[in-house]
Structure formats: structure tokens, C-alpha cells
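Here's the structure, in C-alpha cells; my notes come after.
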């Protein structure tokens, strides 16, 4: 419900632009960490944008929150955990490898094994089947062949 | 009045499509030549009527006829002419009309150029093509009719979304649809072949040019879309792994796989059922793309006419055609007996490896795109799958593909020697490795992505060049006389390398600077010096602009004046940013202006984007390679030579 409210408010808000100079931290090392973290967090009211790219004011609040946590001495993991606790795992652009999500992460490698196995099996059958004898043309094909040959003449 | 004619023409086209979907199919089954012959004139008429309907809608947009609901919602009398025209497809209803226009265009092309197809196959292809058209005509007429009038015409329109008022995006949808819908030809051929019960080398020869054409258009369409995102969205991202982008990328991957597997069918009469399956899936993914964009099932930056009723309709179309074709496939696949024999190490096997990698990569994109929906439905988890996931899960497949491509594409047909192929490539490998090492030493302490990208790019580009050289028997005089198909192959493979290097270089070496820039106070970013010298208000045709003047210098020498803008479109009440970009061969300098700050100065974002142009140059090379291949002599028989067209088609 809260998101809907925020979304409504945003419709009337003037958009500001992605990361603002006034948000940036003086310490370049902290700021780099903040940027990296922001790139992995979703702007909740946007469509598939990270808070680092988003113009929405909620994204700005989150960017400032991330920086506040880092300044307070949190590690990257702690800062992310702090935000996930409040906004749910929906904010993570890179889904965790917990619970059913292993299926998502393993989908590619498993499929590669499967497809590679099937493909290799197929190649072996192709290599060990004897070459087929040529079959004579059917009557329909013979007439068609005659037609084609006549056409080009 | 013209609008009503257009509406009427659309209904007529719908009725013709129904006839064309049924009569030739029965004719082909019973061998009634008269019934089969219905398909050709019907396909041409269907196209002409749809083209007329489309022209009528365009006319309404051009003349700003606001009594038409669609025009009122998406146009404005002050809009420049280009965007009045592109406004026709800048909305759900009009873009669907463009979609069927292209669908019927491909059908008509099959009728025009297909006179060397066996008559039953041609009748079946046209009937299947028309069956797809019937579904989409019905979709347009019953759920998204563009020709609805307003009882009281308003004085002026509501304007097109300003983000769409851009030349890059004006031509993005037509190309994309030419690609999506072009795959319907491969689908129709696949289903017709299943009905016919035979697939042979000739069939692959007919299918390949259509798939190639669709793939070229899709490449250009995706490239344009990504270029547009790069310069328009204001931070120079070029690919967001957005559901809608993925929806266009998946058919592209499958079409690329299909192109390659059709070669095996053509040369060796093997891999037939897989090729048929790919053709069905490629078009199936185009339909899934349409469904994703228009159902509102997945949120995306492209959100376009989100309407559950329409979503259900498209889902039914998708289920009917993909499901139906797959059931048909299940019944008929075993009749496609493979004929040719080839060794485990051979060009054929390399093409199988290509197919495995492309198909699995497509599968990864598919799972990632739909996972949020699965997770919510089955595991009750609300989560996001964004760019970081795709970058990690998708990239390895492309790296493997890039690694094996130069070797695989020079392996001998039928029975190859891995050692021999590797031996031929040794200098290319050493050269690529040396370049990568050089760059790795020069960049000191940055990520490995840049050198790895350079290695892959050089490996593929030089590999493609060496391939040409060897094809020509190591003689310069013969290189230019090689068949265009060989040139096409090398261009396309080299283009992929260029794109990979561009992406890796941009991601690894980008420099970014965000600051409050005061007037006439120069600052440095990387090796450049920038100075904001003024900010002006400028009145555009249908917008107000805040335009900055930024001077760009290197070593104290002025090289460009950049004019980043912030526009406000009063009718649509929407601001847009227009980045100013200094395009150069090795790098772009990308400047965006933000808001004025208290205490003077403006927010100014500067990015140095190395190799940005290489990404799209590579895409263009791939498309050009496809075009060269398409224009090869060999295909002119299959695709229909222009010379043969004048002769009237005999009624068989």
C-alpha cells in the first residue's frame, strides 16, 4: 500500500535527476562503494531501474539512506541487509541464491549440460550411422524435375 | 471519409485472410490445383487492403484529424511532420496495424517471389501465414481498433510521449517488426513442412533467406533501440535487460541459431527436426514478446497499452499457434529422418555447438525474464531479476561462443581435424593475446574485463579475416572474387567481435563525473577540460528548452562545443533530457545538464565512454554481413531473382 501512495505522490512531484552532487560523499572510497551498492538496488516505484539511474525522489531517499549507512560504518553486506529488511528482497536487482532461487541460477548451467549431452549424443549417432543409399525419385518428383528442366531451357 | 474507407479495407483484408487460411489448405490436401491457386491473389489483395488501411490511418495523423480517438490521444497539431508520421506506430493500436501490414507484406512477398516452390508447399505456407494474419486482424478489429471516432472532436490533441519524439525511435519499431514478423515466414515454412511431411535440402534453401532477412531487420531494430537508449535516456546506458528488450533479444538469438542450423539441413540433410523446432520457437518468442509488451504482465520502461483483455487475447493467439505447431511437431517429427553422416569433429558439429550455446543463452534470458512471475506464483516471493543477474548468467555463454567461433567456422565440413584448424589460427591467437596483454599492462590495476574483451574481439575479427584469406587459397587476387556468402560470414562474425569488444571496453573503462559546474570555471575529467559558458532558454517547435553551452578542450585546444538540453513538453507535461555527445572513433564525451543549484551553477554530468560507437558499428557489420549473404547468387534462385518476376505466374 505504501508503494502505491508513494507512486501517487510521485506523479505530482517534479523529477530530479539521478545522483545529485549534494548527495555525494566527500570520501571517494565510500562514494564508490555507495555507487556500486546503488547499482544493485531497484528503484521501487520505477520500472526496472536501479536507484543509481532513477530520477524518482524515492530513489534519491534510498541513495541517501545507503550513504548514511556507509557513513555510520556498515559493511556493504550490512547496508544491503538494512535495506532488504525494510523494503523486502524486491529491491535486490541481483536475486539471492537462497531457497527456490537456486533454480534460477542453476537454470543456465544445467540446461547447458543437458543440451550439450543431447547434442553430443546426436553427433555420435551421426558419426556412426552408415551412409544411406540414394533413393530413386518418385513419379511426382520426376514430373516436377522435367518441368523445371523445361522451364530453364 | 478516408478513415471509413480504411476501416472497411481492414475488414475486407480480414475476410480475405480467412478465405486464404482455409481454401488453399484444403486444396493442398486434396491436390485440387484451383483451390491452391487461391492463395496467391488472396495474399496480394490482403496486403493491398491492409496497406490502404494503414495509409488511411497515416493520412489521419498527417492531417491531424482529431475526430479520430487515436490521433487525438497521440498527436498534436504543432508536432513536427516526422513525428506525426511516426506517431502512427507510436501507440498500441497503430503499432498492431503496422504489425499486420508487415505480416501481410511477407505473405505477399512469398506469393510474388515463390513461383519456384512446389505448389502444395507454397499453398500451405501462404495458408499458415494467413492463419496468423486472421488472428491479428481479429485482435485489431475486436480489441484495439484504430479507426474509432470521437462524437465531439476536441480542438487539439494530447501529443505523443516526448521520449518517442526522436529520429532513432521513429524507425526503431518498423525495423523491429520487420524482424519479429519476418520470423513468421520461417514459422509458416516449418508448419507447412510438417503438414507436407517432408523436409529436405531444398526446403532449407527456401527458409534460410527469409530467416536471414528477418534476422537482419531484427539486428538493425535492436541496434537502433539501444542507440536511442544510449543518447536519449540521459546516462548513456545502452542495454538494460528490461523485459521488453529481452523480448526482442530472445527471437534474435533463436533466429541466429536457426540461420546456422538451416545450413546443416541444406548441406547434410541432418538436424531437420531441430531446425523445424527452432523455427517454431523463434516465432513463438516473437509472439511472447508481443504478449509481454502489451499485457502488462511484467513491468517495463516500455509499458505500452497495458490491458488484461488484450493480454488474454494475445495469450490465446500465442497458445494456439505455438501450442498447435508444437503438437503437430510432436506427431510428425519422427518422419524427418536425418540422412547425412559427419564426424564428431567437423563444421557440422561446430554449428551444433553454436546452436546449443545460442539456445541455452536464450533459455537463460527467458528464465530470468519470467522468474519474478514464477517466483510470485509458485513460491510466494516478490523479487526482481535485473541487469546484474543477466550480466553474470548470460555473459559466459557469449564468451564461450566467441572463443570457439573462429576455430569452428574454419573446421572442414564432414570430417575435420581440430589440430589442423587450431594450427591455422595460431598467429591470430598470439596476436589477440599480445594485444590483450599490452592493454592489461597499460591500464594497471583495473578490471580484467577490458583485456578479455579485447582478446575476444581481436580473436574473432582477425579470425574472420584469416578465414577469408584461407578461403581464397592465400592469394590476394582471389579474395575479392570470393562469393558474397563468404564475405557475409566474415563480416557478421567480425561484427560480433567488434560489438563484444565495444561492450567490454565501455563497461571497463568508462569515466564518470558529477558536479555542480559554475559558469566560466573550467574543470577536468580524464584527459579533457570542460567549461560551462552559458545557459539559455530556447523555444522549440513544441517544447521549451534549457540549453547549456559547454566547451570541450584537450591540451588547451578547443575540440567541440556541446549543447546539452533539458526540454519540457508543455502539452504532454513531461521533461526530457537531451545529452550532448561528441562522437569520436575511440571514445564519446557525453554531457548532460541538470538543475540550477542554489548558490549558482548547474548540475553537470560528464561521461567519457570509450568505444561506445563500436557497439553499434559491430551490429551494423553483422547486419551488413547478413545482407551480403542474402545477396549471394546462390540465394537468388531461392529468394526469387528479380529477372524472373516479369513472367506471369501460370495458374496451376
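Listed values, structure above:
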{"read-out": "Against the rule of thumb 2.2 N^0.38 Å, how large the Cα Rg of chain B comes out", "value": "1.02"}
{"read-out": "Extension gain, residue B:378 back to residue B:328 (0.36 nm per residue minus Cα-Cα distance, nm)", "value": "15.0 nm"}
{"read-out": "Three-way shape call for segment B:349-473 based on the alpha-carbon gyration tensor, with the a/c threshold at 1.5", "value": "oblate"}
{"read-out": "Rounded Å value of the spacing that divides the Cα centres of segment B:535-551 and segment B:210-229", "value": "33 Å"}
{"read-out": "Cβ neighbours within 10 Å from other chains - mean over B:351-363", "value": "4"}
{"read-out": "Spin-label pair residue B:523/residue B:586, simplified geometry with 7 Å Cα→Cβ offset, distance in nm", "value": "2.5 nm"}
{"read-out": "Per-residue mean of C-beta atoms belonging to partner chains within 10 Å, peptide A:94-101", "value": "5"}
{"read-out": "Förster radius 25 Å - calculated FRET efficiency between residue B:18 and residue B:309, Cβ distance, rounded to 0.05", "value": "0.65"}
{"read-out": "Label point distance in nm, residue B:85-residue B:48, each placed 7 Å from Cα along Cα→Cβ", "value": "2.4 nm"}
{"read-out": "For segment B:511-612: relative contact order, % (alpha-carbon pairs under 8 angstrom, 6 or more apart)", "value": "25 percent"}
{"read-out": "Förster radius 51 Å - calculated FRET efficiency between residue B:152 and residue B:536 (Cβ-Cβ, nearest 0.05)", "value": "0.80"}
{"read-out": "Relative contact order of segment B:200-416, defined on C-alpha pairs under 8 angstrom at six or more residues apart (%)", "value": "23 percent"}
{"read-out": "Highest to lowest packing among B:143-153, B:231-241, scored as the average C-beta count within 10 Å", "value": "B:231-241, B:143-153"}
{"read-out": "Gyration tensor (alpha-carbon) shape descriptor, segment A:101-152, a/c threshold 1.5", "value": "prolate"}
{"read-out": "Cβ crowding within 10 Å averaged over residues, with B:338-344, B:257-263, A:30-36 ranked highest first", "value": "B:257-263, B:338-344, A:30-36"}
{"read-out": "Residues B:332, A:42 arranged by fewest to most Cβ contacts within 10 Å", "value": "B:332, A:42"}
{"read-out": "Peptide A:121-129 - average C-beta neighbours from other chains (10 Å radius)", "value": "6"}
{"read-out": "Value of [θ]222 nm, deg cm²/dmol, for chain B, DSSP H segments ≥ 4, -39500 (n - 2.57) each, nearest 500", "value": "-21000 deg cm²/dmol"}
{"read-out": "Centre separation in Å (Cα based) which lies between segment B:315-370 and segment B:1-75", "value": "33 Å"}
{"read-out": "Residues B:576, B:50, sorted so that the one with the fewest Cβ neighbours within 10 Å comes first", "value": "B:576, B:50"}
{"read-out": "Modelled label reach - residue A:29, point 7 Å along Cα→Cβ, segment A:61-97 residues with backbone N closer than 15 Å", "value": "A:70-76"}
{"read-out": "Chain B, relative contact order in percent, only Cα pairs under 8 angstrom and at least six apart counted", "value": "12 percent"}
{"read-out": "Fewest-first ranking of B:273, B:447, using other Cβ atoms within 10 Å as the exposure measure", "value": "B:447, B:273"}
{"read-out": "Cα centroid separation, segment B:479-525 to segment B:116-165 (Å)", "value": "37 Å"}
{"read-out": "Segments B:563-574, B:601-612 sorted - mean Cβ within 10 Å per residue, highest first", "value": "B:601-612, B:563-574"}
{"read-out": "Label zone at residue B:631, where the point sits 7 Å out along the Cα-to-Cβ direction: segment B:466-484 residues whose backbone N lies under 14 Å", "value": "B:483-484"}
{"read-out": "At R0 = 51 Å, FRET efficiency that the Cβ-Cβ distance of residue B:67 and residue B:563 yields, to 0.05", "value": "0.85"}
{"read-out": "Inter-label distance, nm, simple model (7 Å from Cα along the C-beta direction), residue A:150/residue B:427", "value": "5.6 nm"}
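Here, each number is a calculation from the coordinates, and none is a lab measurement. From a predicted model like this one, the values you see are computed outputs, not experimental measurements. For neighbour counting, all protein chains shown are included, and Cβ atoms are generated from backbone atoms with ideal geometry for every residue, glycine included.
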